[in-house]
Amino acid sequence: MAAAKFLKSASDPSGFPEPDEPEIAFVGRSNSGKSSAINVLTGARKLARVSKTPGRTQLVNFFEVAPGRRIVDLPGYGFAKVAPEVRQRWRGLLEGYLGGRPNLRGLVVTMDIRRGVTELDRTMLDWAESLGLPTLLLLTKADKVSRNEAAKQRRRVGGEVPSAEAAIVFSAHTSQGVDEARAHLERWFAAPGADGAETGGVA
């Protein structure tokens, strides 16, 4: 995914690009390491803006990772220090995207491995399951816990979220889990879409 580049941001569904190319979306609780995961997976250090301030991503951001392939950075959830009307607008963005993209191949949900599955994560995962969206869990910030604790948490999360295709122990800092996650995204991108076509290889 070395050719990754920013395409556009949208503040409402009318600004989304045409759903004519396969997309994989990333979502997660605010400050769960979503932007860092996107950056390390695409090999572009500053593709998605990283901030220690929860709720930084306020738009739906589209990136091209190869010809005919897009990654989408969705607004984080679970933020506390924003006005209710802003939270409502962000919820509308999520609903508008997840419920209206026939080209969406899968949803990557980032979770801080130290937190496990929160109630907001459960809500998001239940929503994805109701839409029939394949999901991949990235248990981020794995460098903050021991290897044994990471293995225990992976088993725990996998048991709590049986609908997910996989739960990957992941660290943007040490690159743990990066190859495994990239391979999963590649399978999603390469799978036949609604029109039966396969997309091209990753640049």
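So which residues in the stretch 109-121 are assigned to a helix (DSSP H, G or I) and within 22 Å of Leu185 (Cα to Cα), if there are any at all? If you could, list the steps in order and put the result at the bottom.
If we filter the stretch 109-121 for residues that are assigned to a helix (DSSP H, G or I), which is where we start, we get 119-121.
Listed by number, the list holds a single entry, Asp121.
Under the condition of being more than 11 Å from Asp73 (Cβ to Cβ) and at pLDDT below 95, which residue from the stretch 22-40 is surrounded by the most Cβ atoms within 10 Å (Cβ to Cβ)?
Within the stretch 22-40, the match that is surrounded by the most Cβ atoms within 10 Å (Cβ to Cβ) is Ser32.
Being part of a loop (DSSP other than H, G, I, E, B), at pLDDT 85 or above and either under 16 Å from the mean Cα position of the chain (by Cα) or charged (D, E, K, R) (or both) is the filter here; which residues of the stretch 44-74 pass it? Steps first, please.
Pass one, the stretch 44-74, residues part of a loop (DSSP other than H, G, I, E, B): 44-59, 67-68, 74.
Imposing the further condition that a residue be at pLDDT 85 or above reduces the set to 59, 67-68, 74.
Across the stretch 44-74, the qualifying residues are Leu59, Leu74.
What number of residues within the stretch 122-145 are in a loop (DSSP other than H, G, I, E, B) and without any contact (Cβ under 8 Å) to a residue 12 or more places away in the chain? Reasoning before the result, please.
Within the stretch 122-145, the subset in a loop (DSSP other than H, G, I, E, B) is 131-134, 141, 145.
Remaining after also requiring without any contact (Cβ under 8 Å) to a residue 12 or more places away in the chain: 132.
Count: 1.
Taking the stretch 156-190 on its own, how many of its residues are touching a residue at least 24 places away in the same chain (Cβ under 8 Å) and of a type in the set (Lys, Arg)?
Narrowing the stretch 156-190 to residues touching a residue at least 24 places away in the same chain (Cβ under 8 Å): 156-157, 160-161, 163-178, 181-182, 184-185, 188-189.
Now narrow it down to the ones that are of a type in the set (Lys, Arg): 156, 182.
Adding up the residues that qualify gives 2.
When the residues of the stretch 112-126 are narrowed to those that are closer than 16 Å to Lys34 by Cβ and of a type in the set (Val, Ile, Thr), which ends up modelled with the lowest pLDDT? Talk me through it step by step, then tell me what you get.
Step one: filter the stretch 112-126 for residues closer than 16 Å to Lys34 by Cβ, giving 112-115, 117-118, 120-121, 124-125.
From what is left, the residues that are of a type in the set (Val, Ile, Thr) are 113, 117-118.
Values: Ile113: 97, Val117: 96, Thr118: 93.
Residue satisfying both the conditions and the ranking: Thr118.
Only one of Thr123, Thr135 is surrounded by 14 or more Cβ atoms within 10 Å (Cβ to Cβ) and either hydrophobic (A, V, I, L, M, F, W, C) or touching a strand residue (DSSP E or B) at 6+ places or on another chain (Cβ under 9 Å) (or both). Can you tell me which?
Details: Thr123 fails: surrounded by 14 or more Cβ atoms within 10 Å (Cβ to Cβ).
Only one candidate passes the filter, namely Thr135.
The values are calculated or read from the model by the stated rules, or taken from the named source; none is laboratory data. Since the structure is predicted, the reported quantities are computational estimates derived from the model, not experimental observations. So basically every Cβ, Gly included, is an ideal-geometry build from the backbone, and we count neighbours across all protein chains shown.
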